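Below is one structure, written out as structure tokens; the observations come after it.
The values are calculated or read from the model by the stated rules, or taken from the named source; none is laboratory data. All figures in this text were calculated on a predicted structure; none of them were measured in a lab. Here the Cβ positions follow ideal geometry from the backbone for every residue, glycine too, while neighbour counts run over all protein chains shown. Protein only, heavy atoms only, side chains kept; ligands, DNA and RNA dropped before computing areas. Shrake-Rupley method; radii C 1.70, N 1.55, O 1.52, S 1.80 Å.
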Amino acid sequence: MYQDTSEKVRRATHIVATLAHPCDALIIHAQPAQTARPCHRKRAALAATILGSSMAFIDGSVVNVALPSIQNGFGASVAAMQWVVNAYLLFLGALVLVGGSLGDKLGRRTIFVGGTLLFTLASAACGLAPNVGVLIAARAVQGIGAALLVPSSLAIIGAVFDENERGRAIGTWAGVAAITSALGPVMGGWLVDTVSWRAIFFLNVPLAAATIALALAAVPDSRGADAPEQLDWPGACAVTLGLGALTYGLTISSTHGFGSPRVLGLLGIGALALIAFFFLERRHPRPMVPLDVFRSVNFVGANLVTLLLYFGLGGALFFIPFTLIRGHGYSATEAGAALLPVPMILGVLSRFTGNLSPRYGPRLLLSMGSLISGAGFGLLGLPLLHGSYWGEFFPALVVLGLGLTITVAPLTTVVMSAVSEQRIGVASGINNAVARIAGLFAVAILGIVFTWSYDATLDKRLNPLHLPLVAHPESQLASPDTANDGHDVHFAEAQAEAINASLRAVALVCAGCALAGAALAVAMIRSGQQRPH
């Protein structure tokens, strides 16, 4: 029975996995179903989990198409825009395991409703933010709310539906979540173009009201039978401090330089905090990251492949809309729609590619999928038809979608089979966090690549025209409509070329990461490995 249910979960979560993270729904395996409940209550409970998790998924992607508008509205720097995204990813990635443990200990409905309420209040604060600093702080609180509601929504499905019903429920959850995640950037772009970037945050308020009402009416406040007596707060604080300091140091290094005492201090603090996290996890009786799961080479290999692939995906989803809007003059709606090939391919081919894993084994599929994904990133780095979406961006996104579709199912399979049944929930949560952290570092590290490439290309382009650079090239990137008196057209053309060159540099780094993921899959993944007992 367990193997049948595992197969259903693997297939059902295949689509949404790439848009969110590889192993979301595996968490439910650690949750026993409760006593039978009326069908209408189960449907209402499922609707609540879908609405709640969809808010978090949409918010993770829709903000990317709004960044140029936010940047213009506040006159902010590129580094500030990076933190609008990273503040959310930092707290979501660092606290998602704690959020799951809180649900087990205090009640899944309680934490789900509390997380949804916190997420909604933070969304309203984002929409009302008077400056970029307040917006970043509110995004951080949004990340905390998402870290509470996402794992609780999945645990609720496991608590409400028995094993015979669970596969269908997860399929519904995954399908709707995939659709909302795919359409989110398009709908968000339309709101940015027709109303304001602030509208994308206020959209969460009515969705949250419906979510909370359904949850209070239909969701049982179940708890985990083996919920920890003591939560790993020291570990959570250490990993948040470590990731935050490293990310902040990397973000400001593009303007301050790696030799800056401030940058070196932040990187040192981050490294020390992560080392402390390792020792804290060794000593804690119920650590958020049990280190024994890393004894499995397959588990380590799968998480390294996840880190590399989602690093590339996070960078692409951040910089492609920015480039289309800044460098090609797309509207926010058009930039959101430009990304549709990836989720559409996932939706159309997910069932077919999901059947490949048992036939060919995860090692071959992970290596081939990573290679194809690398080819997709590589096409973005090779401008075959400059300025043409159909000639330059569309083929690259199609190839990238194919590669990711092939890769996600075997990633899920390896994570599930590399640990014992009792560790599946923990293992999937770790893989979830790795995917989030990959996106966090992608925006920070690739922001350095983007900014440095932009500055070098713009300088090279303007020198023959004898157009002076202002003191801070980053401010030009933040405000492309500002003029160098008498030379507006030439400067705009040079800036568009510099932005396009910067995306190509980012794409080539992403391609290298995907190829490294393929090599790691060949070296570390062993097909047919038995589940540990």
The stretch 447-479 - residue that is β-branched (Val, Ile, Thr) and modelled with pLDDT of 75 or more and, of those, surrounded by the most Cβ atoms within 10 Å (Cβ to Cβ):
Thr451
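Is at least one residue of the stretch 253-261 open to solvent by less than 10 Å² (accessible area, probe 1.4 Å), in a loop (DSSP other than H, G, I, E, B) and either touching a strand residue (DSSP E or B) at 6+ places or on another chain (Cβ under 6 Å) or of a type outside the set (D, E, K, R) (or both)?
First, the residues of the stretch 253-261 that are open to solvent by less than 10 Å² (accessible area, probe 1.4 Å): 253.
Checking which are in a loop (DSSP other than H, G, I, E, B) leaves us with none.
There is no residue in the stretch 253-261 that is open to solvent by less than 10 Å² (accessible area, probe 1.4 Å), in a loop (DSSP other than H, G, I, E, B) and either touching a strand residue (DSSP E or B) at 6+ places or on another chain (Cβ under 6 Å) or of a type outside the set (D, E, K, R) (or both).
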Within the stretch 125-137, residues of a type outside the set (Val, Ile, Thr) and either crowded, with 23+ Cβ neighbours inside 10 Å or over 19 Å from the mean Cα position of the chain (by Cα) (or both) come out as Ala125, Cys126, Gly127, Leu128, Ala129, Pro130, Asn131, Gly133, Leu135
Going by the conditions given, is Gly259 over 20 Å from the mean Cα position of the chain (by Cα) and closer than 30 Å to Ile200 by Cα?
no
Within the stretch 493-503, identify whether any single residue is over 23 Å from Ser370 (Cα atoms), modelled with pLDDT under 60, part of a helix (DSSP H, G or I) and touching a helix residue (DSSP H, G or I) at 6+ places or on another chain (Cβ under 9 Å), and answer yes or no.
no
Scan of the stretch 96-124 for residues that are open to solvent by 10 Å² or more (accessible area, probe 1.4 Å), in contact with a Leu (Cβ under 8 Å, 6 or more places away or on another chain) and either over 18 Å from Ala236 (Cα atoms) or of a type outside the set (Val, Ile, Thr) (or both), ordered by number
Ser101, Leu102, Lys105, Arg109, Val113, Gly114, Leu118
So Ala33 ticks every box in (1) surrounded by fewer than 24 Cβ atoms within 10 Å (Cβ to Cβ); (2) within 15 Å of the chain's Cα centre (by Cα); (3) among the aliphatic types (A, V, I, L, M); (4) at pLDDT below 55 but one. Which box is left unticked?
(2)
Applying the selection to the stretch 208-223, what residues are modelled with pLDDT of 90 or more and either closer than 19 Å to Gln142 by Cα or touching a Phe, Trp or Tyr at 6+ places or on another chain (Cβ under 8 Å) (or both)?
Ala208, Ala209, Ala210, Thr211, Ile212, Ala215
Residue that is nearest to Val300 (Cα to Cα), among those in the stretch 377-395 that are out of contact with any Asp or Glu (no Cβ under 9 Å at 6 or more places or on another chain) and free of Cβ contacts under 8 Å to residues at least 40 places away in the same chain:
Pro395
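Being among the basic types (Lys, Arg) and over 30 Å from Glu334 (Cβ atoms) is true for just one of Arg198, Arg223. Which residue is that? Write out each step before concluding.
Numbers: Arg198 fails: over 30 Å from Glu334 (Cβ atoms).
Criteria check complete, one pass: Arg223.
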For Val300, indicate whether it is touching a His at 6+ places or on another chain (Cβ under 6 Å), of a type in the set (Val, Ile, Thr) and under 27 Å from Leu446 (Cβ atoms).
no
Residues within the stretch 392-436 that are open to solvent by 20 Å² or more (accessible area, probe 1.4 Å) and within 28 Å of Leu508 (Cβ to Cβ), tallied:
8
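Can you name the residue in the stretch 344-370 that is among the β-branched types (Val, Ile, Thr) and surrounded by 16 or more Cβ atoms within 10 Å (Cβ to Cβ) and, of all such residues, is farthest from the chain's Cα centre (by Cα)? If you could, list the steps in order and put the result at the bottom.
Within the stretch 344-370, the subset among the β-branched types (Val, Ile, Thr) is 345, 348, 353.
Adding the requirement that they be surrounded by 16 or more Cβ atoms within 10 Å (Cβ to Cβ) leaves 345, 353.
Working: Ile345: 19, Thr353: 22 Å.
My answer is Thr353.
Let me confirm something: among Ala335, Ala302, Ala273, Ala316, which residue is over 29 Å from Asn72 (Cα atoms), at pLDDT 90 or above and buried (at least 22 other Cβ atoms within 10 Å of the Cβ)? Explain how you work it out, then say what you get.
On the way: Ala335 fails: over 29 Å from Asn72 (Cα atoms); Ala273 fails: buried (at least 22 other Cβ atoms within 10 Å of the Cβ); Ala316 fails: over 29 Å from Asn72 (Cα atoms).
Result: Ala302 is the single residue among Ala335, Ala302, Ala273, Ala316 that is over 29 Å from Asn72 (Cα atoms), at pLDDT 90 or above and buried (at least 22 other Cβ atoms within 10 Å of the Cβ).
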Are any of the residues in the stretch 222-234 within 25 Å of the chain's Cα centre (by Cα), open to solvent by less than 80 Å² (accessible area, probe 1.4 Å) and free of Cβ contacts under 8 Å to residues at least 60 places away in the same chain?
yes
